1. Scan segment 536-570 for residues that are more than 18 Å from residue 464 (Cβ to Cβ) and either part of a strand (DSSP E or B) or touching a His at 6+ places or on another chain (Cβ under 8 Å) (or both) and report the count.
2. Could you tell me whether segment 152-164 includes any residue that is among the hydrophobic types (A, V, I, L, M, F, W, C), surrounded by 19 or more Cβ atoms within 10 Å (Cβ to Cβ), at pLDDT 80 or above and in contact with a Cys (Cβ under 6 Å, 6 or more places away or on another chain)?
3. Being surrounded by 15 or more Cβ atoms within 10 Å (Cβ to Cβ) and either out of contact with any Leu (no Cβ under 9 Å at 6 or more places or on another chain) or polar (S, T, N, Q) (or both) is true for just one of 402, 406. Which residue is that?
4. Could you say which residue among 559, 621 is out of contact with any strand residue (DSSP E or B) (no Cβ under 6 Å at 6 or more places or on another chain) and over 25 Å from residue 361 (Cβ atoms)?
5. Please go through segment 76-127 and give me each residue that is in a helix (DSSP H, G or I) and aromatic (Phe, Trp, Tyr), ordered by number.
6. Only one of (1) in a helix (DSSP H, G or I); (2) surrounded by fewer than 19 Cβ atoms within 10 Å (Cβ to Cβ); (3) in contact with a helix residue (DSSP H, G or I) (Cβ under 8 Å, 6 or more places away or on another chain) fails for residue 203. Which number is that?
7. Name the residue, out of 253, 313, 242, 230, that is over 29 Å from residue 10 (Cβ atoms) and in the same structural domain as residue 32 (by TED's automatic domain parsing).
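The values are calculated or read from the model by the stated rules, or taken from the named source; none is laboratory data. Keep in mind the model is a prediction, meaning the values are calculated, not measured. So basically every Cβ, Gly included, is an ideal-geometry build from the backbone, and we count neighbours across all protein chains shown.
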Amino acid sequence: MPGHFPANILFVLIFITASGFFLLTVYKLYRIMRLGRWEDRFDRPWERIKGVATFVLGQRRVIKEPAGWGHFFIFWGFVVITIGSIETFGVGIYHGFAYWKFLGKGATSLLYLLQDLLCLAVMVALGIALYRRFVIKPERLLYEDQRAANQDASIIIGLILLLVVLLVGARAVEYLLSQNEAGSYFPKSAFISIALAGLFRGVSEEALQGWYSLLWWSHTLIILLFLVYIPFSKHLHILGAIPNVFFRRFGSIGELSKMDLEDETAETFGVSKIEEFTWKQLLDLYACTECGRCSDNCPATLTGKPLSPKLTIHHLREHLQKKGKVLLSQRGKDETEAVNPEGELGRALVGEVCQQDELWSCTTCGNCMENCPVFIEHIHKYVDMRRYLVLMESSFPPEVQNVMRNWETNSNPWGLGFASRGDWAKGLPVKTLAEDSQVEYLFYVGCAGSFDERSKKISSAMVTLLNEGGVSFAILGAEEKCCGETARRIGNEYLFQTMAGELVETINSYGVQKIITTCPHGYNCLKNEYPQFGGQWAVYHHSEILSQLLRAGRLQTKLSLDKHLVFHDSCYLGRYNSIYDQPRALIKSIPGLRFSEMDRSRNKSFCCGAGGGRMWMEETLGDRKINDARTEQALVLEPDIIGVCCPFCTTMFEDGLKDRNMEEKVRVYDLAELLVQTVNSEKK
């Protein structure tokens, strides 16, 4: 019997052995993770603890989808079963150990009730999980090696099911034994266990003792087997998820890391080896639940591109674990002693572990990070590897070469003369900062608003609206330079930092405190990334300013628009900066305008396909273009107008409509263009 000599000694030896093996394995994983570069993620500890409570214990991101409730019950069932297992282990050491002796009968009764309820919920949830994996087979759960994935999932699900059955079975026998033992207590709240006790009615006490030993040992050994197996399975996330949530990124996901380009000790720039990621980026790999939510929302994946964020993380983790073991084994050896086996050490991170087409397919839309339940930072890894390709290998899509040259010579992607940057404003009532620097706002127009004929109309509309609202503002005109946002996301950090330094110097020379932009990309860059270079300004997207003017009564709509509009949330405005309500406030302010939400809206919005430098790259891979997919999603609602708040989105939707010969029937308007029509009482 468990808890009696010598069985208790045997249990202690097995427990110590299994726990020791588990801790040793975890320590090896920790050492491998520490191969990564240092990164400080220890600030704001109370907020981090609160995040663990919200996103791990509360499963906040998981339960956003109906299927997530199954995981919620499995998670909490596992937690409560683990609490029950502590009592089981106590019994293994001393047969008289029982929770009720320490917690009291009331608390123990509640605990047993919760355990039975959650055991029932877990069995139902696991049944549904098996049905989804083997019958429904949702695409996001598919793997390259589907047989191995199913085998691993089956082992884990089978072990959990067996744990539940053995737990309630052991308690059913325990209930019967307690009836014949003076001074014992078994909570009547354990309704499942008591119901199952009927299976053992009429069995002799000696036989019951045998059944209890069998069920107890089976349950205990499976728990310890589970403990040993987890670090080697895809359920490694059970160990990695909590610390990964704790060390999550604060602030906007739109802030990329600043590279130290003056580091004379650096042999390379960007990431070309797995150990060149930071320790937190490597912890991401341990935390991945392989739930597939990232890929299920990735526009590149959904349009057939060679990119699946889930598989990227999966491949990186496999590579890390294999290469990490070799690297640790070589520590302390000189170059002559170190082994350099062909295999994992010889595999190129960029080109083999992660394919180049995979990296260039990313639009940096942020959908993967928005939907990841454990806060994995996919985009930063893609950009870090792009940086290596661009800065060290000069390897990038050929069409980008001209764009980079244009940035270098004229500070705009079209290569138009930089001196003509302010020509769009000729004849408009707008001053430059050189003419009057005592204004409240700098209207940072950006490259598209200055040079692209279509986007110039948005800039003109903003001038009209700002003047109508009595806003004190000016532009830089010919002094304005590209913010470099796209160059940074393509991977040319050197070019970006050069442009950023020049622009910060110009803006700060005028003592600017507040900036308005019409482009979400420029808005995100100036607001979240320019503080790295001394740009300490309050930055506003034009939808924020216009909604403020309407709310204050400084702008008033006069003309009714009898049109049906659908609105597209820009990735860099919505997911990157949580601006969802202000554009909708503008839409609702226009009389007569009928508004419908697209199926993928707000934080679930589908990318237009232009982000991450894709605006300047040919889209030849996949079964369709991303902007075509998004245009189709809008046309399903049969709108008259597709409303946007981004010049890139304007271009991508207009191209999508032209591909369908729908450009005359459905128009694309920035919300500023719509608002100016109603404020000025004239249609344009």
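1. 6
2. Looking through segment 152-164, at least one residue is among the hydrophobic types (A, V, I, L, M, F, W, C), surrounded by 19 or more Cβ atoms within 10 Å (Cβ to Cβ), at pLDDT 80 or above and in contact with a Cys (Cβ under 6 Å, 6 or more places away or on another chain).
3. Only one candidate qualifies: 406.
4. Only one candidate passes the filter, namely 559.
5. Of everything in segment 76-127, those that are in a helix (DSSP H, G or I) and aromatic (Phe, Trp, Tyr) turn out to be 76, 78, 89, 100, 102, 112.
6. Only one criterion is unmet by residue 203, namely (1).
7. 242
Listed here are the residues, each with its yes/no results for (1) buried (at least 21 other Cβ atoms within 10 Å of the Cβ); (2) small (Gly, Ala, Ser); (3) under 23 Å from the mean Cα position of the chain (by Cα).
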position	(1), (2), (3)
505	no, no, no
508	no, no, no
511	no, yes, no
516	yes, no, no
523	yes, no, yes
534	no, yes, no
539	yes, no, no
546	yes, no, no
